[in-house]
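In what follows, a single structure is set out as structure tokens and then discussed.
Laboratory data are not the source of any read-out in this text; all were calculated from the coordinates shown. Being a predicted model, the structure only gives us computed values, none of them experimental. As a convention, Cβ positions derive from the backbone with ideal geometry for all residues, glycine included, and neighbour counts pool all protein chains shown.
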Amino acid sequence: MKSWKDDDMTDSSDESNHDMVDSSDEYEWEDDGIFKDDVKTVAFKPEWNEESEIPADYIRREYMEIKDMAKKYVAPFLPAKSLMKFRAVSKEWNHWIVSPLLSYQQSTSFYKLSGYFYQTVDVDFQSNPDFLSLDRSANGVPSPSLGFLPERVKVLSSSSGLLLCQGRENYYVCNPVTKVWKLIPCHQYYHGFDPSVVLAFDPRDNIESYYHIVAAVPLLGQPVVFFEIYSSQSNSWKRSSSECLELEGTILIGGGFYMKGMAYWNTASNEVLAFDVKNEISAVLHVPIPPGRYGALTQIEDELCYVTAYNDGGDVFVLDIYGGMYMSLKNSVSINLGHKKSRRAFEEIPFIENSTVSCSVLPCFNNADDIVVIYTNERIYLYHLREQKVETLRTPRQLNPQRRFIPYINSLVMLHELNN
């Protein structure tokens, strides 16, 4: 048996509305078991024949019990940790939850932001990743430090429940819930110690769980960015014929963002590099924000947006939301976060100057919930744009500009064997 245990992150503070700690109860993972098919409805109503070849798992609608309805219509919309709790209901439920069919259904039905993997970016791999759950009871992973991988890694990108990690020489793709991982073959070009790579994975109409890794590689000494692409279907890398010549003198910021077939990267000049993964076409989006202000890519109303945040004095923070084809300013929102800091905190924390609170926006993808995530010295705030509601969460220690947050969806998605 494989033991599903927590690497809990503790925090003694009790000022927040929710505990921002890793949330994983102990579970026992069984390697054996019969994978059962989905519960289905038969359109006709013949007389029952004991010798009928209709599988036992196919249940007529009139014979469906509450448990059958829950399996068919509720389970696929739950996060992975919640589903794991139901394995203890019965042997039947255990077999159903570990089946490949439910893994596919859940990965294509559950899209809600579950939390963040965060880590301090360093050359020597001195810090382990950790996980912040936005809902301790529902979302969690058994090993937030990703200790099941063969070496210490940096988390670079996330897409629909899968993580892309970098070891000292290799990339790994893994599902942190199931602890299944794949070693990616060596790439041909040098990507650097903090590469600009994006994991591109869409589980819809993709039962084989094929994915791509897209690396934006600046050409040394030249104002050119080319793209090296890995395909899990062929298990190989290739250099794309597409090149970007519009980012002269700027620096790509490591990590990236994947949404609706497009890979995106932030730059130090507040431009956004975009790459169409299927058609291999690149473009540059210019964001007209004031100099010295930085933001993050996020998904709002099912489109890509660039969001900045700054403290306008006291407890008032301003969100500027840029979007559309020309990345123009769509909305500017003033919100009161009720930050309530003590005089001692203002004196001790070096990131606060002139009585204003330093803050940053974290990358975020949303399905139905349009939220912006704001990170300050002491807390993380979720601002719900539609309800105009603020939810307060605790931050993982002080604000650190070297700490990177990777948004994550708690998914059961399966990783299949790669071709040799």
Exercise. Counting Lys +1, Arg +1, Asp -1, Glu -1, what net charge surrounds L285 among other residues with beta carbon under 14 Å of its beta carbon?
Worked result: -3
For this session: Work out the FRET efficiency for F148 and N336 from their Cβ-Cβ distance, taking R0 = 51 Å, and round it to the nearest 0.05.
Result: 0.75
Seminar exercise, completed: In the neighbourhood of E271 defined by beta carbon distances under 15 Å, the net charge of the other residues (Lys, Arg +1; Asp, Glu -1) is -1
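Which order do peptides 378-391, 94-107 fall in by mean Cβ count within 10 Å, highest first? Walk me through the numbers before you get to the answer.
On the way: 378-391: 16.5, 94-107: 20.4.
Going by the mean number of other Cβ atoms within 10 Å, highest first, we get 94-107, 378-391.
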Exercise. Cβ under 13 Å from G323's Cβ, G323 left aside: what net charge do those residues give with Lys, Arg +1 and Asp, Glu -1?
Worked result: -4
Exercise. Do any of K179/K238; K85/K182; K72/K330; K85/K238 go past 30 Å between their Cα atoms, and which?
Worked result: K72/K330; K85/K238
For this session: Would you please put 69-76, 276-283 in order of how densely packed they are, using the mean number of other Cβ atoms within 10 angstrom per residue and starting with the highest?
Result: 69-76, 276-283
Exercise. So for the range 151-256, Kirkwood radius off the Cα pairs, Stokes-Einstein at 25 °C and 0.890 mPa s: how many µm² s⁻¹?
Worked result: 170 µm²/s
